[in-house]
1. Somewhere in region 145-158, is a residue assigned to a helix (DSSP H, G or I) and of a type in the set (Phe, Trp, Tyr)?
2. Regarding ASP146, is this residue within 15 Å of the ligand (Cβ to nearest atom) and among the acidic types (Asp, Glu)?
3. Being of a type in the set (Lys, Arg) and either within 13 Å of the ligand (Cβ to nearest atom) or farther than 21 Å from ALA205 by Cβ (or both) is the filter here, so list the residues in region 149-194 that pass it.
4. Which of the residues belonging to region 241-264 are more than 16 Å from the ligand (Cβ to nearest atom), surrounded by 19 or more Cβ atoms within 10 Å (Cβ to Cβ) and either among the charged types (D, E, K, R) or outside any helix (DSSP H, G or I) (or both)?
5. Find all pairs meeting these conditions: Cβ atoms under 6 angstrom apart; at least six residues apart or on different chains; first residue within region 282-299 and touching a residue at least 12 places away in the same chain (Cβ under 8 Å) and more than 20 Å from LEU239 (Cβ to Cβ); second residue of a type in the set (Val, Ile, Thr) and outside any helix (DSSP H, G or I).
6. Specify the residue that is surrounded by the fewest Cβ atoms within 10 Å (Cβ to Cβ); the eligible residues are those in region 123-150 that are farther than 23 Å from GLY248 by Cβ and among the acidic types (Asp, Glu).
7. Go through region 197-221 and report how many residues are closer than 12 Å to ALA128 by Cα and either more than 21 Å from the chain's Cα centre (by Cα) or outside any helix (DSSP H, G or I) (or both).
Amino acid sequence: MAMAVTTQARFARASGAAPAPGRARASPLRTSNASRCRVAPRAARAVAQVEADADAEGSASAGARDFNAYVLERAKLVQQALDVAVPVQYPELIHESMRYSLLAGGKRVRPMLCLAACEMVGGKVEDALPTACALEMVHTMSLIHDDLPMMDNDDYRRGALTNHKVYGEDNAILAGDAMLAYSFEHVARDTPSTVPAERTLRVVADLGKACGACGLVGGQVVDLESEGKPKEEVGMDTLRYIHEHKTGALLEAAVCCGAIIGGASDEQVEKLRKYALDIGLAFQVVDDILDVTKTSEELGKTAGKDLVADKATYPSLVGLDEAKRIARELVDSAKAELADFDQEAAWPLYALATFILERDS
Ligand code: GRG
């Protein structure tokens with residue numbers, strides 16, 4: 001696989017050594033990694049598409065044309081905050097393992113949604129930043145665990161070797177556990193004290209719900225249960241459940257928690273929940289589409305796995321064109337939920353919805 005060569009070369013360059021086949025004690029990310037942000041190159045084409053669409057539509061918001069700068073600025077902000085939140089300290093190995101996956105790039109969609117929702121309802125970015133980082137910690141730990149041999153068994157993630165390939169399965173499990181626990185600590189302890197405590201408490205509860213047996217874990221369990229079954233037997237209802245929980249639940253938490261921190265009314269949170277449920281499902285439908293239309297090199301992870309496993313996915317159950325139509329419809333429906341908000345303040349949530357549809361990794 002072409003990616004294997006490229007990724008190993010990149011790893012070797014970053015660490016100054018050839019990648020160890022099993023456990024590695026030296027991390028390529030021992031020093032600050034804040035400037036090494038790969039979001040822009042990997043998402044560049046989709047960002048350009050969002051801007052082109054905004055131009056073509058004569059978008060209500062002139063700001064939409066600055067989406068490229070917006071994404072870069074937000075990704076950098078989140079990268080720096082994560083770098084500070086998880087320093088290397090004793091015991092070094094587990095902190096290095098956490099940092100290896102957390103600072104390895106990624107599109108940072110969940111933190112961006114959280115910050116955008118907070119700002120749209122009048123909140124301050126710095127108030128939501130610990131929650132935005134916590135969302136990325138939960139997301140990253142779920143990727144680490146998902147990649148383990150007893151789950152999805154993957155060797156590559158975010159264009160690099162998976163955590164267990166570098167640090168061993170025992171440390172990868174523990175790094176995920178530590179990151180999950182720390183995400184809640186970070187929200188509870190580091191959200192500015194000017195944010196009313198009841199808002200922070202609601203965020204902790206919503207984040208917990210998104211992680212648990214009625215959220216990501218529930219989606220993962222049903223996904224594992226469905227593996228090996230004929231895709232027709234799995235069917236659309238179960239597939240939708242998997243997608244809405246495995247992927248959608250955290251996007252829902254991202255948008256709703258950002259809005260709660262920003263002081264949204266209950267009515268506003270519920271409108272934004274509908275927006276988030278639509279983009280959450282669309283995100284995974286697009287993921288299914290990318291799995292069959294992109295290469296491993298383009299995705300930074302193994303492509304074509306669903307096809308090889310003959311897994312139930314939107315393209316495999318309804319066809320590629322219909323899957324694309326459904327994703328478009330979901331994103332249109334999400335945008336409709338934004339109609340009652342200040343349109344100028346809402347432009348990043350419009351643009352992020354388009355980005356989710358148009359992304360190519
Ligand atoms: C205890 C929270 C918790 C989870 C454990 C392993 C597990 C249960 C759930 C797996 C959830 C999972 C990996 C869902 C896939 C979601 C998805 C579409 C990932 C890709 O997201 P991107 O494209 O990735 O945003 P980047 O790398 O850009 O961040």
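Derivation of every value follows stated rules applied to the coordinates shown; laboratory data play no part. Just so it is clear, the structure is predicted and the values come from calculations on it, not from any experiment. Note: ideal-geometry Cβ built from the backbone for every residue, glycine included; neighbour counts use all protein chains shown.
1. No; the residues of region 145-158 include none that is assigned to a helix (DSSP H, G or I) and of a type in the set (Phe, Trp, Tyr).
2. On the way: within 15 Å of the ligand (Cβ to nearest atom): yes; among the acidic types (Asp, Glu): yes.
Yes, satisfied.
3. Across region 149-194, the qualifying residues are ARG157, ARG158, LYS165.
4. ALA264
5. SER296/THR302
6. So the residue we want is GLU126.
7. 2
Yes or no, residue by residue, for (1) at positive phi; (2) out of contact with any strand residue (DSSP E or B) (no Cβ under 8 Å at 6 or more places or on another chain):
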position: ASP147; (1), (2): no, no
position: GLY159; (1), (2): yes, yes
position: GLY212; (1), (2): no, yes
position: TYR241; (1), (2): no, yes
